[in-house]
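J.: Structure in structure tokens, see below.
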Amino acid sequence: MALTLPLRRDPATSGAPKRRTRAGIALSTPTAALFVLPAAVLFAVLILYPMLAALSYSFFDWQGTKQGGFAGVANYITLLTKEPYASELWNAFGHNLLLFAGALVFQNSLGLGIATLLHRRKRTKRFFQTIFALPYLVSPMVIGYLWSLMLSPLFGPVNAILRGVGLESLALPWLGDPQLAIWVIVLVSAWQWLGFPILLYGAALGGIPEEIEEAASLDGATAAKRFRYITLPMLTPTIGIITVLTFIGSMEAMAIPFALAGSNGAPAGSTDVMMLLFYRTAFESGNPNSIGVSSALATVLFIFIMVISVVITSTMRRAERKLF
């Protein structure tokens, strides 16, 4: 008669539920929580708490740094209806939308085109990806100051080169003309962030099976048709990610406009953006209630970014489901 011995269970872990990771390693729930805890603490301290604090500050009246009585939505009414906030708000908001539109067109067209060309160059692909990504790795403030020096009408190399080749009519005051300054900021911002979509599109193109394009080629599809009906639809998730990140970055833009034109959005407010308006309202306005009004501005901007980001994400996901 065979003896059957009971399996010995570890009393320390027998009662704790376990979760299996992708690598096949079983982790108990308390152990998994320990791994998540540092990130959760950082998120709560650096992101969640400032957001909730700004929201609460916006509902109170302030005298300098001293919190007064409950003001309800008075700070929001001041922001949207009273000067100079009302006119500056919509002016800055329009410039942020222009930054988003310019960056989106520039990055999704030129970025995708460069990524497609580099995808076919197996030997030099990594080298050129690194070159295009270098500006993305540099601080936007540094990028802004470098371009302000290069575009200087007195000693900038851009105008010096134009004069040297006989194009003196194009040697313009790039940052002094209200009609040109905002477009300079759009192009400089798009140029710096161009490397990011190139890397994302390059990774997405590498994930498309070559057999699909080979089959389409055997069926007689031209390169243009293969790109339009095969490659582009399969890049829809990446296009959605780049669109959302470009929108968030454009609405939060401050470093490059500040470095190129200062905190007042010079000349004549033609380069003003929402974050510069927030900076002036909080630190330069001289308003005793600057904390309340600036907190209201930060809350409005956050809600707008969150809502539009959710709309873009849901729209792109519906497009993905129709394609796949």
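J.: Rank these residues by their accessible area, most exposed first, probe 1.4 Å: Val311, Val188, Val158. Intermediate values should be presented prior to the final figure.
T.: Working: Val311 75, Val188 5, Val158 40 Å².
Order by accessible area, largest first: Val311, Val158, Val188.
J.: Shifting gears a bit: Calculated from DSSP H runs of 4 or more alone, at -39500 (n - 2.57) each and per residue, what is the 222 nm mean residue ellipticity of the chain, nearest 500? Intermediate results must be reported in sequence, preceding the final value.
T.: Numbers: 16 runs with 202 residues, N = 324.
Rounded to the nearest 500, it is -19500 deg cm²/dmol.
J.: Going by amide H atoms built from the backbone, whose H comes under 5 Å of the H on Phe60, apart from near neighbours?
T.: Result for Phe60 returns Ala71.
J.: Spelling out what I want: for every residue of segment 261-274, take phi, set θ = phi - 60°, compute 6.51 cos²θ - 1.76 cosθ + 1.60 (Karplus), and round to whole Hz; glycine and proline get x.
T.: Those phi angles translate into 10, x, 6, 8, x, 5, x, 6, x, 6, 10, 5, 9, 4 Hz.
J.: Connecting C-alpha atoms closer than 10 Å in a GNM of the chain, tell me which of Thr78, Thr124, Thr31 has the biggest fluctuation.
T.: Evaluated over the chain, the most mobile residue of the options is Thr31.
J.: Something else: Projecting each Cα onto the charge dipole of the chain (Lys/Arg +1, Asp/Glu -1 at the beta carbon, about the Cα centre), which of Asn91, Ala223, Asn159 comes out farthest on the positive side?
T.: Positive-most Cα among the choices belongs to Ala223.
J.: Just the accessible area for Glu214, please: 1.4 Å probe, Å², rounded to the nearest 10?
T.: Rounded to the nearest 10, the figure is 100 Å².
J.: Next question, about the same structure. Please work out the FRET efficiency for the pair Phe304 and Val41, using the Cβ-Cβ distance as r and a Förster radius of 41 Å; give the result to the nearest 0.05.
T.: E between Phe304 and Val41, to the nearest 0.05, is 0.90.
J.: Roughly how many whole Å is it from the C-alpha centroid of segment 244-305 to that of segment 142-169?
T.: That distance is 28 Å.
J.: Need one value: the accessible area of Asp219 in square angstrom, 1.4 angstrom probe, rounded to the nearest 10.
T.: 140
J.: Ok, one more. Would you please give the residues with an amide H less than 5 Å from that of Asn289, counting only those at least 5 places away or on a separate chain, with H modeled from the backbone geometry?
T.: Residues meeting the criterion, in which the H sits 1.01 Å from N, are Gly64.
J.: What list of ³J(HN,Hα) couplings, whole Hz, do you get for segment 40-57 from phi and the Karplus terms 6.51, -1.76, 1.60, once you set θ to phi - 60° and write x for glycine and proline?
T.: 3J(HN,Hα) across segment 40-57, in whole Hz: 5, 5, 4, 4, 5, 7, 8, 10, 5, 5, x, 5, 5, 5, 4, 4, 5, 4.
J.: OK, next. Segment 173-233: percent of C-alpha pairs farther apart than 20 Å?
T.: Result for the distance tail: 53 percent.
J.: Ordered by residue, what ³J(HN,Hα) values in Hz, to whole numbers, does segment 127-140 give under the Karplus form 6.51 cos²θ - 1.76 cosθ + 1.60, where θ = phi - 60° and Gly and Pro are x?
T.: 4, 6, 4, 5, 4, 5, 7, 4, x, 5, 8, 8, 4, x
J.: For the full complex of protein chains and a 1.4 angstrom probe, list Trp174, Trp193, Trp62, Trp183 by accessible area with the highest value first.
T.: If we order Trp174, Trp193, Trp62, Trp183 from most to least accessible, we get Trp183, Trp193, Trp174, Trp62.
J.: Something else about it: Determine how large the accessible area of Ile241 is when every protein chain is in place; take a 1.4 Å probe and give Å² rounded to the nearest 10.
T.: Its heavy atoms expose roughly 90 Å² to the probe.
J.: Tally Lys/Arg at +1 and Asp/Glu at -1 over every other residue whose Cβ is under 12 Å from the Cβ of Pro288; what's the total?
T.: It works out to a net charge of 0.
J.: Could you order Phe283, Phe247, Phe100 by accessible surface area, starting with the largest, using a probe radius of 1.4 Å?
T.: Most to least solvent-accessible, the answer reads Phe283, Phe100, Phe247.
J.: Under Stokes-Einstein, with the Kirkwood radius over Cα pairs standing in for Rh, what whole-number D in µm²/s applies to segment 263-324 at 20 °C and 1.002 mPa s?
T.: My calculation gives 154 µm²/s for D.
J.: Turning to a different aspect of this structure: Using a Förster distance of 35 angstrom, determine the FRET efficiency expected from the C-beta separation of Ser56 and Gln179, and round it to 0.05.
T.: 0.25
J.: So, one more: Using only the Cα atoms of segment 175-324, what do you get for the radius of gyration and for Dmax, in Å?
T.: Answer for segment 175-324, Rg first and Dmax second: 21.0, 72 Å.
J.: Identify which of Gly265, Gly292, Gly176 has the largest mean-square fluctuation in a Gaussian network model of the chain, with springs joining Cα atoms closer than 10 Å.
T.: Sorting by GNM fluctuation, first place goes to Gly176.
The values are calculated or read from the model by the stated rules, or taken from the named source; none is laboratory data. The structure presented is a predicted model; accordingly, all values stated were derived computationally and were not measured. Neighbour counts run over all protein chains shown; Cβ positions are idealised from the backbone, glycine included. For the accessible areas, the whole protein counts, side chains as well, though only heavy atoms, and no ligand, DNA or RNA atoms are used. Shrake-Rupley method; radii C 1.70, N 1.55, O 1.52, S 1.80 Å.
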